[in-house]
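Heads up, the thing below is written out as structure tokens.
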Amino acid sequence: MKAITFVTQKGGSGKSTLCINLAIAAQEAGRSVCILEMDRQATISDWAEHRSAATPEVAQIDAPQLEAVIKNLAGSAYEYVFIDTPGVDSPGTLSAIRAADLCIIPCRPTPADLRAFKPTLAAIYRLDKRFAFVLNQTPPRSYRIRDAADGLAVLGVLPDVNIVMRNDHQDAIGLGQGVTEYNPKGAAAEEIRRLWTWIERRTQASLESRTTEKLKKGIKNVKAA
Ligand SMILES: Nc1ncnc2c1ncn2[C@@H]1O[C@H](COP(=O)(O)OP(=O)(O)OP(=O)(O)O)[C@@H](O)[C@H]1O
Ligand SMILES: [Mg+2]
């Protein structure tokens with residue numbers, strides 16, 4: 001099981017929206033996913049209440065519960081656990097980064113957003129975690145996106161797809177759906193599917209590199225014995 005944490009202290013950048021939409025896209029791609037919501041604002045629990053389908057399972061948890069919950073889930077049939085965090089610094093945020101195989105940092109192409117993720121990134125570096133930025137709520141095309149993308153690409157990994165500001169995102173959430181369910185042929189759905197493909201590849205890559213490290217260590221130990 002792999003944990004993907006959606007994190008940045010900047011409120012409203014799209015953590016919960018991306019968490020929901022990517023969870024649905026992952027399910028549609030055949031993955032079993034559950035969502036842990038660590039934000040008392042309960043955006044995702046509210047969404048789940050409006051939802052007619054039973055999956056993905058959504059559970060609200062507090063920081064002290066996270067480690068034990070992740071341990072239990074490791075033995076479950078879930079392939080992915082998505083963790084949504086609040087838009088303020090909290091003990092939960094740090095534990096959610098610690099639990100992650102990959103951290104997703106949503107960021108709007110605005111100077112305020114581009115400044116606000118710095119403490120998040122510092123925590124991710126300290127805990128030596130894999131991460132990727134996702135440019136969200138972008139205009140369809142603008143020099144702002146290019147400038148933001150250039151800046152983010154220097155700092156870390158950036159997918160080959162941006163998530164454009166589209167009504168589908170707001171309408172789908174109101175109905176308890178993901179954009180890929182609400183308007184499967186729409187541009188928002190297409191972007192989210194591409195983003196999930198990219199993220200899944202990146203998550204697999206992180207596992208592979210860890211396996212390789214483990215193998216290397218194992219081989220070294222065998223040689224030393
Ligand atoms: N790509 C998008 N297109 C249109 N609207 C969007 C998009 N992404 C997010 N939104 C809208 O922006 C608002 C904030 O998004 P969201 O709640 O996902 O942010 P958040 O980072 O989880 O916020 P918080 O830090 O408060 O938890 C919501 O109203 C959501 O519908
Ligand atoms: Mg949120």
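Just so you know, all these numbers are worked out from the coordinates, no wet-lab data involved. Source: prediction; values computed, not measured. Here the Cβ positions follow ideal geometry from the backbone for every residue, glycine too, while neighbour counts run over all protein chains shown.
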> Can you list the residues, at least 5 places off or on another chain, whose amide H is less than 5 Å from the amide H of VAL134, using H built in the peptide plane?
Replying inline: ILE105, CYS107
>> For a quick check, take a GNM of the chain with Cα springs below 10 Å and name the residue from ARG51, ARG141, ARG202 with the largest mean-square fluctuation.
In response: ARG141
>> Can you compute log10 of I(q)/I(0) for the chain with the Debye formula, treating each Cα as one identical point scatterer, at q = 0.10, 0.13 Å⁻¹?
In response: -0.43, -0.73
> Which links in LYS2/LYS129; LYS71/LYS118; LYS10/LYS71; LYS2/LYS185; LYS118/LYS185 stretch past 24 Å when you go from one Cα to the other?
Replying inline: LYS71/LYS118; LYS10/LYS71; LYS2/LYS185; LYS118/LYS185
> Which loop GluC sites (Glu not before Pro) in the stretch 23-104, with loop taken from DSSP, have no more than 16 other Cβ atoms within 10 angstrom of their Cβ?
Replying inline: GLU79
>> Could you compute the net charge surrounding GLN177? Neighbours are other residues with a C-beta less than 11 Å from the C-beta of GLN177; K and R count +1, D and E count -1.
In response: -2
> For the stretch 107-114, what does the Karplus curve 6.51 cos²θ - 1.76 cosθ + 1.60, with θ = phi - 60°, yield as ³J(HN,Hα) per residue in whole Hz, taken in order and with x for Gly and Pro?
Replying inline: 8, 7, x, 10, x, 5, 5, 5
>> Given a Förster distance of 22 Å, report the FRET efficiency between GLN204 and ALA122 from their Cβ-Cβ distance, rounded to the nearest 0.05.
In response: 0.25
> What nm value, rounded to one decimal, do you get for the distance between ASN72 and ARG141 when each label is placed 7 Å out toward the C-beta?
Replying inline: 5.1 nm
>> Helix-only mean residue ellipticity at 222 nm, the chain, DSSP H runs n ≥ 4 weighted -39,500 (n - 2.57), per residue, nearest 500. What is it?
In response: -16500 deg cm²/dmol
> Cβ under 14 Å from GLN27's Cβ, GLN27 left aside: what net charge do those residues give with Lys, Arg +1 and Asp, Glu -1?
Replying inline: -2
> Looking at ALA29, PHE131, CYS19, which one has the Cα that reaches farthest to the positive end of the dipole of the chain (charges on Cβ: Lys, Arg +1; Asp, Glu -1)?
Replying inline: PHE131
